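All remarks here apply to the structure that follows.
Derivation of every value follows stated rules applied to the coordinates shown; laboratory data play no part. Not measured: the values here are computed from a predicted model. Methodologically, a virtual Cβ is constructed for each residue, glycine included, from the backbone with ideal geometry; neighbour enumeration extends over all protein chains shown.
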């Protein structure tokens with residue numbers, strides 16, 4: 001028995017002050033949240049919904065996993 005992994009990439013949008021998530025594995029997956037924890041919780045709800053909407057065929061016994069990779073790029077101020 002295999003497992004299905006949904007790879008999701010998230011980045012911090014400093015201007016909007018939210019984490020933005022997308023996935024090439026699941027068409028239509030785009031969401032945002034103000035914390036990484038809230039983003040993860042939203043994804044756990046959205047992913048099954050999108051799998052059903054996209055009519056992705058999964059075995060009822062096949063485990064489904066979220067692989068969330070985040071990227072944060074922001075300046076750091078150095079004390080002189």
Subtract the Cα-Cα distance of residue 78 and residue 45 from 0.36 nm times their separation in residues, and report this length gain in nm to one decimal.
-> 7.8 nm
What's the angle, to the nearest 10 degrees (0 to 90), between helix 36-53's Cα axis and the longest principal axis of the chain?
-> 30
Please identify which residues in the stretch 1-39 have an amide N closer than 14 Å to a label point set 7 Å out from the Cα of residue 68, following the Cα→Cβ vector.
-> 6-12, 18-23, 30-39
Could you state, as a whole-number percent, how many of the C-alpha pairs of the stretch 5-71 are farther apart than 14 Å?
-> 55
From DSSP H assignment alone, runs of 4+ in the chain each adding -39500 (n - 2.57), the sum over residues rounded to the nearest 500 puts [θ] at 222 nm at -7500 deg cm²/dmol
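Restricting to bridges with both residues inside the chain, how much of the DSSP beta-bridge set is antiparallel, in percent to the nearest 5? Spell out each step's value before the answer.
Details: 9 of 17 bridges.
Looking only at bridges with both residues in the chain, the antiparallel portion is about 55 percent.
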